[in-house]
1. Do we have G87 as over 19 Å from L19 (Cα atoms), crowded, with 19+ Cβ neighbours inside 10 Å and in contact with a Ser or Thr (Cβ under 7 Å, 6 or more places away or on another chain) here?
2. So which of E103, E18 is touching a residue at least 40 places away in the same chain (Cβ under 8 Å) and among the acidic types (D, E)?
3. Here are the criteria: (1) closer than 29 Å to K120 by Cα; (2) in a helix (DSSP H, G or I). Tell me which single one D30 does not satisfy.
4. Does E95 satisfy the criteria of being of a type in the set (D, E) and modelled with pLDDT under 95?
5. Can you name the number of the only condition in (1) touching a strand residue (DSSP E or B) at 6+ places or on another chain (Cβ under 7 Å); (2) exposed (fewer than 13 other Cβ atoms within 10 Å of the Cβ); (3) in contact (Cβ under 8 Å) with a residue 60 or more places away in the chain that R43 fails?
Amino acid sequence: MRSETGAGGNAAAKLAEELRELALSLPGVDERETWGHPTFRVRDKIFFTLAPDGSAATVKASLEEQALLISSDPDTFSIADFVGRYGWVHARLAEGDPRLMRELLLEAWRRTAPKTVVRKYDAAK
């Protein structure tokens, strides 16, 4: 297990910045500070958040995805505070697989964005 300081902290901060850039590249997304940390929204609906120091993220998921992620990698994933009952997942970025985190962020955006926006995004890819 890597620490969130030192090399693990640097990896977490780098991944947090990559995730921020990915989120902001998606149609209709804006970043807003809420509860003292960055939140990412589409049409004013939050789908992703980052810890202020970039060490962790919270991502919108289904209850099924939440259970699978936590059972497959409990060192990285846990039930998010307050919104976990809706499927949201807390992820320690120093432990996380960057590819998986990008996929989770994109899927969270897809769940939240209007379907017409998602279809247009998919058609352009």
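1. Working: over 19 Å from L19 (Cα atoms): yes; crowded, with 19+ Cβ neighbours inside 10 Å: yes; in contact with a Ser or Thr (Cβ under 7 Å, 6 or more places away or on another chain): yes.
Here the answer is yes, as G87 does meet what is asked.
2. One residue alone meets the criteria, E18.
3. The one condition D30 does not meet is (2).
4. Judged against the criteria, E95 is a match.
5. Looking at each condition in turn, R43 falls short on (1).
Every residue, every condition in (1) buried (at least 19 other Cβ atoms within 10 Å of the Cβ); (2) modelled with pLDDT of 95 or more; (3) closer than 13 Å to E107 by Cβ; (4) touching a Leu at 6+ places or on another chain (Cβ under 9 Å), yes or no:
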{"position": "A7", "(1), (2), (3), (4)": "no, no, no, no"}
{"position": "A12", "(1), (2), (3), (4)": "yes, yes, no, yes"}
{"position": "E17", "(1), (2), (3), (4)": "no, yes, no, no"}
{"position": "E21", "(1), (2), (3), (4)": "no, yes, no, no"}
{"position": "F48", "(1), (2), (3), (4)": "yes, yes, yes, yes"}
{"position": "P52", "(1), (2), (3), (4)": "no, yes, no, no"}
{"position": "L63", "(1), (2), (3), (4)": "no, yes, no, no"}
{"position": "A67", "(1), (2), (3), (4)": "no, yes, no, no"}
{"position": "S72", "(1), (2), (3), (4)": "no, yes, no, no"}
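The values are calculated or read from the model by the stated rules, or taken from the named source; none is laboratory data. Worth saying up front: this structure is predicted, and the values here are computed from it rather than measured. Using ideal geometry, Cβ is built from the backbone for each residue, glycine included, and neighbour counts are taken over all protein chains shown.
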